[in-house]
Every structure is written in C-alpha cells, then in structure tokens.
Amino acid sequence: MSRIHILHENAAWLPPLAQAFDHHRLPWTEWFLDAGTFDLAAPPPHGVFYNRMSASSHTRGHRFSAELTAAVLAWLTRWGRRVVNGPGALDLEISKTRQYAALESHGVATPRTVLVAGREHVVAAALRHFAGQPVILKPNRGGKGLGVQLFASTDSLAAYLASDTYEAPVDGLHLLQEYVRAPRPFITRAEFVGGRYLYAVEVDTSDGFELCPADACAIGDANCPVGAAPREKFTIIDGIPVALRTRLERFLAAAGVEVAGIEFITDAAGRTLVYDVNTNTNYNPDAEARAGRTGTARSGPGAIAAFLGAELHRLRAAA
Ligand SMILES: Nc1ncnc2c1ncn2[C@@H]1O[C@H](COP(=O)(O)OP(=O)(O)O)[C@@H](O)[C@H]1O
Ligand SMILES: [Mg+2]
C-alpha cells in the first residue's frame, strides 16, 4: 500500500508531524537517513516522499546524511516517485550561496555577502569589503544559527580566526555578511506549505542567533532576567507584504520547494532582506496555540498533513 515516507535524521523533530499524520489517519513511515543500503536497480516503495533533511545534520553526528539524501533523492526521482522538497530543495538547504542566487534572480533582496574559501583569506576579505563595519560570519551550510557570529570590528574577527575556538564550516565555505540592524530585535520567518504562504512568525532575537522554533530545541528561561516578565520568543503575526509574499512563492515554485520557512529582517531604512531559507522547517507549538491554530489545518503540522494527505490521495486515484 502506498504511504507517506518521511526522509530525515532528527527524531526530536518528528513527534508534531507524527501526531498530525495519525490524527488524519494517514499511513506513514520514516526513513532515518544516516546509514543504509539501497539497491539502485530496484524500484523504491510506492507513495509520497517528504524530504526533511536538515543543513545542520552534521552537528548531530550525521556528517554524511545530506550526501546520502541527495543520492536517495536521485534514485527516487529516477523511478518517478512523487517527492516533496526534492533535489532542488536539498540543493538550497545546504548552501546559502545558492539560496541567495536563486532569491536574487526572483527579485528578492539579500544582505550583501562575500564568499570566502580558506580561513586565511577571511580577514583580508573583511577589510576589503566591510572596512570598519560590523560584520556577520556564518557558514555557507548553516542550521539553527550555529556558527553565526557578529563581529563589531575586524580585530575581533581576526582574534576569533586565530583562536582555538574557530570552527571550520563543514563545506569549507565562509560567508561574510553585512549586519542588518533591525530597529527592534526581531526577525520574521514566513512559513510556506504546498508552495503557498501559511503564516509568519516574529522571533525575538534578544537572546542570540539560535532560533530553532521546535519544542525540542527550547532552552528554557535560563536567559530571562530575574524579576522580568518572560517574553514570548515566537509570535504569529497578521501577514507579510503581498509583493514579498508573491515573489517568495514564485521563487519557491521555480526552485522546486514546497515546504519552507523563509527568514528576513527589515532594517531601519525599511529594506527587507532575506537571509535564510529552511526547507526543513519546524513550528513553534506555543505560538500556534496562542493564535488558535493548534490541531487545525492552519497549524504547520496540520497544513503539512493536509497537503501530503491530498498528494497521497491523488496518487492512489491515479494508480
Ligand atoms: N546579516 C545578518 N544581520 C543581522 N542578523 C543576522 C544576519 N544573519 C543572521 N542573523 C541572525 O542570526 C540568525 C541565524 O542566522 P541564519 O543565517 O538564519 O543561520 P542558520 O541557517 O544557521 O539559521 C538569524 O536568524 C538572525 O537572527
Ligand atoms: Mg536561520
């Protein structure tokens, strides 16, 4: 019998989806892609395949999961299987450089970014392109904000690069990026399911750059100053500008991405810059509850279950 196959490598991110699939009585199974054997001459099982491989997989001890997923996706598509977030999505997931190229070609502005291969070239590149300005250093293959750092001066950047705490990007590629200063410490993350805008969530960045919305990533209130009222870190907002939304939907369609969370910042001058496309996205359950979306098709997991359920239904009707 055909079913939904979830390709992933992080069990902690699965429960909200599993719950939504079970709620809709959708048959599903998981493919945990850290190791395995695949006979490329044999047909894959039938069904709808949903790729949730994450750019940060290497940080969970799954160094080659993204490479394995690329190979498995090639096998699935060669056999004509329906893949949601197929090879085009994975290609973007693991490279911010490729994200920015695709975004810019659809009229979506991205922060000024310089690509640097080689630890020894980073300081010279910062001096040349961002002289005296604060700069963000981030890995080309990112995820969860790990390794994203703001340097106020080239001296502090140079000190980090010379130190033992320096961590090389997993693909060898550094990005130096203009620091986008928002008037308030917030970024916006717009969620798309089935290629269509679902909702946007505002994320409070006062505590730092690690912004994974999943419950499994929550670090508690340790950073909340004693006596201060705890702030809500994630808040669902009314909407995003229609022109931006339309451009992002076109960009996703052209890139073959059907599920995504796209992050942007609007600076004091009103420029909106998109800096991160997550094809493996998680949803914040508290924010969804406060917005009255829990358990409905207007929640992230609910929308994905409805979308994949409809795809499965279509597949079975055509069989
Ligand atoms: N150019 C930038 N200017 C200001 N803040 C940034 C910039 N790039 C990243 N950040 C902050 O760091 C966080 C993580 O960066 P991001 O590019 O999304 O990396 P990741 O792919 O690891 O999530 C962002 O959500 C944002 O808060
Ligand atoms: Mg991000």
> Can you tell me which of Gly88, Gly47 is open to solvent by less than 10 Å² (accessible area, probe 1.4 Å), closer than 21 Å to Gly194 by Cβ and of a type in the set (Gly, Ala, Ser)?
Replying inline: Gly47
> If you take the residues in segment 228-279 that are assigned to a strand (DSSP E or B) and of a type in the set (S, T, N, Q), which one is farthest from ligand 1 (Cβ to nearest atom)?
Replying inline: Thr235
>> Against the conditions (1) surrounded by fewer than 18 Cβ atoms within 10 Å (Cβ to Cβ); (2) touching a helix residue (DSSP H, G or I) at 6+ places or on another chain (Cβ under 9 Å), where does Tyr199 fall short? Just the number, please.
In response: (1)
> Under the condition of being open to solvent by 40 Å² or more (accessible area, probe 1.4 Å) and away from ligand 2 (no atom under 16 Å from the Cβ), which residue from segment 179-196 is nearest to the chain's Cα centre (by Cα)?
Replying inline: Arg196
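Residues checked against (1) in a helix (DSSP H, G or I); (2) not hydrophobic (A, V, I, L, M, F, W, C):
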position: Glu30; (1), (2): no, yes
position: Asp39; (1), (2): no, yes
position: Pro43; (1), (2): no, yes
position: Ala55; (1), (2): no, no
position: Arg63; (1), (2): no, yes
position: Thr77; (1), (2): yes, yes
>> I'd like the residue in segment 136-162 that is touching a Lys or Arg at 6+ places or on another chain (Cβ under 7 Å) and open to solvent by 20 Å² or more (accessible area, probe 1.4 Å) and, out of all such residues, is farthest from ligand 2 (Cβ to nearest atom).
In response: Gly147
>> Which numbered condition in (1) closer than 30 Å to Asn284 by Cβ; (2) open to solvent by 60 Å² or more (accessible area, probe 1.4 Å); (3) within 12 Å of ligand 1 (Cβ to nearest atom) is the only one that Gln133 fails?
In response: (1)
> within 16 Å of ligand 2 (Cβ to nearest atom) and within 20 Å of Arg141 (Cα to Cα) - does that describe any residue in segment 240-252?
Replying inline: no
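The values are calculated or read from the model by the stated rules, or taken from the named source; none is laboratory data. On a predicted model such as this, the values are computed, not experimentally measured, just so you know. Glycine also receives a Cβ, built like all others from the backbone with ideal geometry; neighbour counts cover every protein chain displayed. Side chains are part of the model used for accessible areas, which takes the heavy atoms of the whole protein and leaves out ligands, DNA and RNA. Shrake-Rupley method; radii C 1.70, N 1.55, O 1.52, S 1.80 Å.
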